[in-house]
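Q: Let me give you the structure first, and then I'll get to my questions.
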Amino acid sequence: MKILIVSDTHGYEGNMWRVIRKEEPVDMFIHCGDIEHMPTELKEYFSCPVHVVKGNNDYMLKLPEVDKFEIAGRSVLVTHGHHYNIYRNQDAMFFLGEENHADIVMFGHIHVPVVAYSKGITIVNPGSLSLPRQPDARPSYIVMTVEEGREPEYKVKYI
């Protein structure tokens, strides 16, 4: 399976569509919040599952704050992260995973790519496609690859 994970596009769709077209076909699309306006064609565009959660700037959108589902037998929880004081550190994401029995926690909000592991939980943040905050300021996203019998692989990519 190939899963495309993006976040914090903040209404600037150009990079998101560029990445979608570059990476397709994908088996799942995940947006970790702050999309700011949901292009109706996004869910219509994909023939695969699409998961989008509400970020702190998604005022008018009727989106879930948290989405929980499975990918290849692994429990995944997606949230934007703004309720968890994650600018200091991402420990709250590991605790959230423990509390919800999630193997993988995906989040946004900090605009910096993160892939970290602790106590059997993986936390994943794709960074931002429009307003990156890491030192090189390159828009980023993550491609997750899952093969039967193997641990998922996460590749941070830049445009």
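Q: Any idea which of Tyr154, Tyr117, Tyr87 is aromatic (Phe, Trp, Tyr) and within 15 Å of the chain's Cα centre (by Cα)? Give the steps one after another, and end with the answer.
A: Values: Tyr117 fails: within 15 Å of the chain's Cα centre (by Cα); Tyr87 fails: within 15 Å of the chain's Cα centre (by Cα).
Only one candidate qualifies: Tyr154.
Q: Within the group Met1, Met38, Met28, which residue is more than 14 Å from the chain's Cα centre (by Cα) and closer than 27 Å to Gly73 by Cβ?
A: Met1
Q: Quick check on segment 92-107: of everything there that is aliphatic (A, V, I, L, M) and under 14 Å from the mean Cα position of the chain (by Cα), which residue is surrounded by the most Cβ atoms within 10 Å (Cβ to Cβ)?
A: Once the filter is applied, the top-ranked residue is Met106.
Q: Specify the residue that is surrounded by the most Cβ atoms within 10 Å (Cβ to Cβ); the eligible residues are those in segment 47-56 that are of a type outside the set (A, V, I, L, M) and modelled with pLDDT of 95 or more.
A: Gly55
Q: Give the number of residues within segment 146-159 that are aliphatic (A, V, I, L, M) and either outside any loop (DSSP other than H, G, I, E, B) or farther than 11 Å from Met1 by Cβ (or both).
A: Of the residues in that region, 2 qualify.
Q: Could you check segment 3-45 and list, in sequence order, the residues that are surrounded by fewer than 17 Cβ atoms within 10 Å (Cβ to Cβ), in contact (Cβ under 8 Å) with a residue 24 or more places away in the chain and touching a strand residue (DSSP E or B) at 6+ places or on another chain (Cβ under 6 Å)?
A: Glu23
Q: What are the residues in segment 108-145 that are part of a loop (DSSP other than H, G, I, E, B), among the aliphatic types (A, V, I, L, M) and buried (at least 19 other Cβ atoms within 10 Å of the Cβ), if any? Let's see the steps before the verdict.
A: Keep residues of segment 108-145 that are part of a loop (DSSP other than H, G, I, E, B), which gives 108-112, 119-120, 127-139.
Add one more test, that the residue is among the aliphatic types (A, V, I, L, M), and what stays is 110, 112, 129, 131, 137.
Ile110, Leu129, listed by residue number.
Q: Provide a single number: the residues in segment 65-85 that are crowded, with 22+ Cβ neighbours inside 10 Å and assigned to a loop (DSSP other than H, G, I, E, B).
A: Adding up the residues that qualify gives 2.
Q: Pull up segment 98-107, narrow it to residues that are outside any loop (DSSP other than H, G, I, E, B), out of contact with any Cys (no Cβ under 9 Å at 6 or more places or on another chain) and of a type in the set (A, V, I, L, M, F, W, C), then point me to the one that is nearest to Thr79 (Cα to Cα). Break it down into steps so the answer makes sense when it comes.
A: Residues of segment 98-107 that are outside any loop (DSSP other than H, G, I, E, B), as a first pass: 98-99, 104-106.
Still in the running and out of contact with any Cys (no Cβ under 9 Å at 6 or more places or on another chain): 98-99, 104-105.
Going one step further and asking which of them are of a type in the set (A, V, I, L, M, F, W, C), we end up with 104-105.
On the way: Ile104: 11, Val105: 8 Å.
That would be Val105.
The values are calculated or read from the model by the stated rules, or taken from the named source; none is laboratory data. Because the structure is a prediction, the values reported are computed rather than measured. Cβ atoms come from the backbone with ideal geometry, glycine included; neighbour counts cover every protein chain shown.
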